[in-house]
1. May I ask you to derive the FRET efficiency for residue 139 and residue 74 from their Cβ-Cβ distance with R0 = 30 Å, giving the value to the nearest 0.05?
2. At R0 = 25 Å, how high is the FRET efficiency between residue 26 and residue 82 if r is their beta carbon distance? Nearest 0.05 is fine.
3. With labels modelled as points extended 7 Å from the Cα through the Cβ direction, what inter-label distance (nm, one decimal) is found for residue 15 paired with residue 56?
4. For the stretch 72-94, list residues with backbone N below 16 Å from a point placed 7 Å from the Cα of residue 157 toward its Cβ?
C-alpha cells in the first residue's frame with residue numbers, strides 16, 4: 001500500500017455497504033470502458049491481455065472498498081479473521097482476501113469465455129464487428145466485476161451478522 005494511504009475498514013452497516021457498492025461500481029464502469037477500447041486493436045489476444053491487466057488492478061481496489069484485502073484482514077483480531085475467512089468460503093469468493101494473480105483473473109475471465117471468443121471473432125468485421133467487440137468486452141468486464149462486488153458485499157453482510 002502506498003505511504004500516506006489510509007487503510008479502509010470493513011463497512012459496518014447497510015448504508016456503508018451501499019456506499020462501498022456504489023464506489024466499486026463506479027470504478028468498475030470506468031475501468032471496463034477503458035479496457036474495452038482495446039477491442040478496436042486488430043491484434044489477436046491484445047484485448048484479453050488488457051482485460052486481464054485491468055482486472056488485476058481492479059479486483060484489489062474493490063476488495064479494499066469492502067475492507068477485504070489480505071492486509072486489511074490481517075489487521076483484524078484472530079477471531080474476526082476466522083469469521084471473515086469462513087464467510088469468504090461460504091460465498092465462494094475466489095478473489096476475496098487474496099493476492100490477485102494472473103491465474104485467478106484468467107479463471108474469472110473463463111466464466112465469460114463464450115463472450116470473449118465472440119469478441120475475438122467480431123473484431124475482424126469492419127466497424128460493426130469492432131463496435132460489437134467493444135460492447136462484448138465492456139459487458140464481460142462488467143459481469144466479472146459486478147459478480148465480485150456482490151460476493152464482497154455478501155461476505156461483509158455475513159461478517160456483520162456473525163457473533
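Where a number appears in this text, it was derived from the coordinates with a stated rule and is not lab data. Since this is a predicted model, take the numbers as computed values, not measurements. Note that we place each Cβ from the backbone using ideal geometry, even for glycine, and neighbour counts take in every protein chain shown.
1. The computed FRET efficiency comes out at 0.30.
2. Working: r = 32 Å, r/R0 = 1.28.
Step by step, r from the Cβ atoms, then E = 0.20.
3. Distance between label points: 4.0 nm.
4. Label zone hits: 87-93.
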